[in-house]
1. With respect to TYR22, is the statement that it is at pLDDT 90 or above, farther than 29 Å from LYS316 by Cα and in contact with a Leu (Cβ under 9 Å, 6 or more places away or on another chain) true?
2. Determine whether ALA318 is closer than 21 Å to ASP132 by Cβ and buried (at least 16 other Cβ atoms within 10 Å of the Cβ).
3. Open to solvent by less than 40 Å² (accessible area, probe 1.4 Å) and modelled with pLDDT under 85: which single residue out of ALA121, ALA202, ALA157, ALA115 fits that description?
4. Given the options LYS329, LYS334, name the one that is assigned by the TED database to the domain that holds TYR141, closer than 30 Å to ILE208 by Cα and in contact (Cβ under 8 Å) with a residue 12 or more places away in the chain.
5. All but one of (1) at pLDDT 90 or above; (2) open to solvent by 100 Å² or more (accessible area, probe 1.4 Å) hold for PRO84, so report the exception by its number.
6. Working carefully through the options VAL342, VAL315, find the one that is touching an Asp or Glu at 6+ places or on another chain (Cβ under 8 Å) and either β-branched (Val, Ile, Thr) or in contact (Cβ under 8 Å) with a residue 60 or more places away in the chain (or both).
7. Does ASP143 meet the test of being open to solvent by 30 Å² or more (accessible area, probe 1.4 Å) and in contact with a Gly (Cβ under 6 Å, 6 or more places away or on another chain)?
8. Scan the stretch 239-266 for residues that are open to solvent by less than 40 Å² (accessible area, probe 1.4 Å), within 24 Å of ASP132 (Cα to Cα) and in contact with a Lys or Arg (Cβ under 7 Å, 6 or more places away or on another chain) and jot them down.
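The values are calculated or read from the model by the stated rules, or taken from the named source; none is laboratory data. Only a predicted model underlies this, so the values are computations on that prediction, with no experimental measurement involved. Counting neighbours? That spans all protein chains shown, and the Cβs are built from the backbone with ideal geometry, glycine included. In case anyone asks, the SASA skips ligands and DNA or RNA and just uses the protein heavy atoms, side chains included. Shrake-Rupley method; radii C 1.70, N 1.55, O 1.52, S 1.80 Å.
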Amino acid sequence: SRAVESQSEGQCAPVDSLWRRYSEFELLRNYLSVTYPHIVVPPLPEKRADFVWHKLSADNMDPDFVERRRIGLENFLLRVASHPVLCQDKIFYSFLTQEGGWKEMVNETGFQLKADSRLKALNATFRVKNPDKRFTELKHYSDELQSVISHLLRVRARVADRLYGVYKVHGNYGRVFSEWSAIEKEMGDGLQSAGHHMDVYAASIDDILEEEEHYADQLKEYLFYAEALRAVCRKHELMQYDLEMAAQDLTSKKQQCEELATGTVRTFSLKGMTSKLFGQETPEQREAKIKILEEQIQEGEEQLKSKNLEGRDFVKSAWADIERFKEQKNHDLKEALISYAVMQISMCKKGIQVWTNAKECFSKM
């Protein structure tokens, strides 16, 4: 890492090189996701290769895969560093500059206590009565984005397999022409030259497919971004669920207070049956209960007001970040797909040139 601002005299320069394991990147991302629930936190690259064409190693210790993952992790850091909010986080700065004790520093923030359980999130999904239409649509959008990119990656893997086969056929042409040239006197030089063009073309496949994997990794980033979008939707559902539960609890307490004050019971309850069987409460007992309920109602109203305000702030911040993400996604995917198309055109031109050269070799025989 490199400090942009120069250090003042007397200040220690931050560490410019340190080691981080993949698990530490995971810890950093989990911390950011919990601490900034309204932000679409950039995803990490895959830990194990997925959507690979069958000739490529799926081993997560394969040097080429490890290098691509290193590039992906660097891209994750650049995404966080370029985010207007995440770049200012002190834990992120420590991740880049602090050699030891970083994990302890993260755990001291207590972020894991704030993490919502999967069961609670699932419960909220099914029990929210008035879900925000925009977040429901965003969830469908993220599902569709993931589905489309998954399909695109599978098709690309199949095309890569076929492409590999085509190049290997040219390798066979090269071998046949070279062997044939050895037994021909007049046509030998022409066959040898044509075979050389075929061999060079066949040998270029490894670099081409490595470049293809680079474009596939760019698509995979947005495959994993889909889950980051869903995480924001889940956080909103949890807030909405808590808000609805608080409103329900407040309504219930107001009803109890009214029933105690008027002495009428609107709905069937075990408490109502007990009072009928064993006698009514004394006025003093009822007054004491009403006083407690009134305090709880006041506290509940303040809590509901606070949750409403928190919910509005969340929606405002989340939607601003989602719009920023969509703009970034449109730019990145457009650039990646155009570059991929340019690469395919370049490959086709190279193939045409090989056969044009071979034709000239044959014409001279």
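1. Judged against the criteria, TYR22 is a match.
2. Criteria met by ALA318.
3. So the residue among ALA121, ALA202, ALA157, ALA115 that is open to solvent by less than 40 Å² (accessible area, probe 1.4 Å) and modelled with pLDDT under 85 is ALA121.
4. Testing whether each residue is assigned by the TED database to the domain that holds TYR141, closer than 30 Å to ILE208 by Cα and in contact (Cβ under 8 Å) with a residue 12 or more places away in the chain leaves just LYS329.
5. With (1) at pLDDT 90 or above; (2) open to solvent by 100 Å² or more (accessible area, probe 1.4 Å) applied to PRO84, the lone miss is (2).
6. The unique qualifying residue is VAL315.
7. No.
8. TYR241, LEU243, GLU244, ALA246
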